[in-house]
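Some notes on the structure that comes next.
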Amino acid sequence: MRRLSVYVETSVWNMAFADDSPVLSKASVDFFDRTSAFDYYISAIVTAEIALCYDPKKNLILDLIGKIRPKMLDLSPEIETLAQRYLSEEIIPAKYANDALHIAVASFYSIDFIVSFNFDHIVKEKTRNAVIGINALMMYKAPRIITPGEII
């Protein structure tokens, strides 16, 4: 049976160590405990955002990434173009361009799922529907946008 491909957005890595959000933290940990079920992917956007975290949390996240060993997806001009389309269509606010890049990376590489806890810009019905529409127009498969709890 084929394993599902999942692009793990920064918030999921971060929430694995969120003492102030035990429910979301548990969902992240449970998701990462299912390594045999998924092929995990990240991009340089994830690592750049994690680099902004403070120690010791940053080190905990980097250790988890080392344990999970997600495949790194490269950025490309096509990804930038797709992300720009999400911004120009106001699917994602311009101030949060990295969120558009996360979605564009997963779309470009035909990843099955984007897993996120970013309820402001990524995991919301408006974004889900708009990504399906834009991706269809631009000839990309739309990944399903979900939370860790939804996939497990």
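The values are calculated or read from the model by the stated rules, or taken from the named source; none is laboratory data. In this text, all values refer to a predicted model and were calculated from it rather than measured experimentally. As a convention, Cβ positions derive from the backbone with ideal geometry for all residues, glycine included, and neighbour counts pool all protein chains shown.
Observations, loosely collected:
- In the range 5-33, the residues that are surrounded by fewer than 15 Cβ atoms within 10 Å (Cβ to Cβ) and within 21 Å of Arg144 (Cβ to Cβ): Asp30, Asp33
- Selection count, the range 40-59, where residues are surrounded by 15 or more Cβ atoms within 10 Å (Cβ to Cβ) and either assigned to a helix (DSSP H, G or I) or free of Cβ contacts under 8 Å to residues at least 40 places away in the same chain (or both): 10
- Some residue of the range 62-74 being under 19 Å from Phe119 (Cβ atoms), modelled with pLDDT of 95 or more and either of a type in the set (A, V, I, L, M) or assigned to a helix (DSSP H, G or I) (or both): no
- Glu49 vs. criteria closer than 15 Å to Val8 by Cβ and out of contact with any Ser or Thr (no Cβ under 9 Å at 6 or more places or on another chain): no
- The residue of the range 60-89 that is surrounded by the most Cβ atoms within 10 Å (Cβ to Cβ), among those that are charged (D, E, K, R) and either closer than 24 Å to Asp30 by Cα or touching a residue at least 40 places away in the same chain (Cβ under 8 Å) (or both), is Arg85.
- Sole exception among (1) at pLDDT below 95; (2) under 29 Å from Leu137 (Cα atoms); (3) among the aromatic types (Phe, Trp, Tyr) for Phe117, by number: (1)
- Scanning the range 119-138 for residues that are surrounded by fewer than 22 Cβ atoms within 10 Å (Cβ to Cβ) and either within 23 Å of Met72 (Cα to Cα) or not hydrophobic (A, V, I, L, M, F, W, C) (or both) turns up Asp120, His121, Val123, Lys124, Glu125, Lys126, Arg128, Asn129, Gly133, Asn135.
- Candidate set from the range 90-106 (those that are assigned to a loop (DSSP other than H, G, I, E, B) and in contact with a helix residue (DSSP H, G or I) (Cβ under 6 Å, 6 or more places away or on another chain)); member that is surrounded by the fewest Cβ atoms within 10 Å (Cβ to Cβ): Ile91
- Pair list, Cβ under 6 Å, 6 or more apart: the range 7-18 residue modelled with pLDDT of 95 or more, other residue of a type in the set (S, T, N, Q): Glu9/Ser116; Ser11/Ser116; Ser11/Asn118; Val12/Ser28; Met15/Ser25; Met15/Ser28; Ala16/Ser28
- The number of residues in the range 11-39 that are part of a loop (DSSP other than H, G, I, E, B), of a type outside the set (A, V, I, L, M) and under 26 Å from Ser110 (Cβ atoms) comes to 4.
- Every residue from the range 113-152 that is out of contact with any helix residue (DSSP H, G or I) (no Cβ under 9 Å at 6 or more places or on another chain), farther than 24 Å from Ala27 by Cα and not in a loop (DSSP other than H, G, I, E, B): Asn129, Ile132, Gly133, Ala136
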